[in-house]
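Colleague: Encoded as C-alpha cells, here's the structure I'll be asking about.
The values are calculated or read from the model by the stated rules, or taken from the named source; none is laboratory data. Just so it is clear, the structure is predicted and the values come from calculations on it, not from any experiment. Positions of Cβ are backbone-derived with ideal geometry, glycine not excepted, and every protein chain shown enters the neighbour counts. For accessibility, only protein heavy atoms count, side chains too; no ligands or nucleic acids. Shrake-Rupley method; radii C 1.70, N 1.55, O 1.52, S 1.80 Å.
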Amino acid sequence: MSTISANKLLFNAFLLYYPEGKTKESTRVTQGYRLNAFYDYLKDLGQENTPKNLTQENINGYSEFLKKRGISPTARQQYVQLVCRLINKVLAVKSEFREYDISPVTIDK
C-alpha cells in the first residue's frame, strides 16, 4: 500500500464528487472551504496524517472541534456532512480506494 495522507485522499474524493465543469464553481469553493476546516482538525490532532484518521471517532471529534471554534449547529452539520459524504460515497465504496480500508461513518446528532 502506498503512503498517502488523509488530506490527499479527501481531496481526491472531493475532485471525484465535485468534478470541475459539472459542479457550480460557487459550490466547489464553499465545499472546499469546509474541507479545509477538516484539514485543520487533523493538524490540530497532532497525529500522523494517514487514512487511519478517517474514522467515526474523528468525525465525532471534528464536530466538537467545530463547536469549540464557535461554528453554529447548522453550519457544523454542513461541515461534518461534507466529510461524511466524501467518505461514504467515495472513499468507502470506490474500488480505487479499497486498499485503504475506510469504513462508512455517520453524523452524531
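Colleague: I'm checking a number: the convex hull volume of the Cα atoms of the chain, normalised per residue, in Å³. What is it?
Modeller: Working: hull volume 10.5 nm³, N = 109.
Cα-based convex hull of the chain, divided per residue, equals 96 Å³.
Colleague: Over segment 1-49, what per residue volume does the convex hull of the Cα atoms give, in whole Å³?
Modeller: Details: hull volume 3.0 nm³, N = 49.
Enclosed volume per residue, from the Cα hull, is 61 Å³.
Colleague: Give me the one-decimal nm value for the distance between modelled label points at E99 and A75, 7 Å along each residue's Cα-to-Cβ direction.
Modeller: That separation, rounded to one decimal, is 3.9 nm.
Colleague: Give me the dipole magnitude in Debye, nearest 20, for the chain about the Cα centre, with unit charges on the beta carbon: positive for Lys and Arg, negative for Asp and Glu. Before the final figure, lay out the partial values.
Modeller: Numbers: 16 positive and 11 negative charges, 80 e Å.
Using Cβ point charges on Lys, Arg, Asp and Glu, the chain gives about 380 debye.
Colleague: Still on this structure, I have one more. Before anything else, pin down the relative contact order of the chain: Cα pairs under 8 Å, at least 6 apart, normalised by residue count, whole percent.
Modeller: Details: 93 pairs, mean separation 38.2, N = 109.
Reported as a whole number, the value is 35 percent.
Colleague: If you don't mind, there's one more thing I want to ask. Counting C-alpha atoms alone, how compact is segment 70-109: give Rg to one decimal and Dmax as a whole number, in angstrom.
Modeller: 12.0, 37
Colleague: Let me ask something else. Compute the signed sum of charges (Lys and Arg +1, Asp and Glu -1) over the other residues within less than 13 Å, Cβ to Cβ, of F97.
Modeller: On the way: positive: K8, K89, K94, R98; negative: E96, E99, D101.
Residues near F97 contribute +1 overall.
Colleague: How about segment 1-61: which trypsin sites (Lys or Arg not before Pro) there lie in a loop by DSSP and see at most 11 other Cβ atoms within 10 Å?
Modeller: Within segment 1-61, the qualifying trypsin sites (Lys or Arg not before Pro) (loop, at most 11 other Cβ atoms within 10 Å) are K22, K24.
Colleague: What whole-number value in Å² describes the accessible area per residue of segment 1-70 for a 1.4 Å probe? Let's see the in-between values first.
Modeller: On the way: 4410 Å² over 70 residues.
Spelled out: the 1.4 Å probe surface of segment 1-70, per residue, equals 63 Å².
Colleague: Continuing with this model, one more query. Please compute the Kirkwood hydrodynamic radius over segment 46-102, one decimal place, Å, based on all pairs of different Cα atoms.
Modeller: On the way: mean 1/r = 0.0816 Å⁻¹.
Taking the inverse mean of 1/r over all distinct Cα pairs, segment 46-102 comes out at 12.3 Å.
Colleague: How large, in percent, is the carbon and sulfur part of the accessible surface of the chain at a probe radius of 1.4 Å? Could you put the intermediate results ahead of the total?
Modeller: Details: 3170 of 6680 Å².
In the chain, the share of accessible area belonging to carbon and sulfur is 47 percent.
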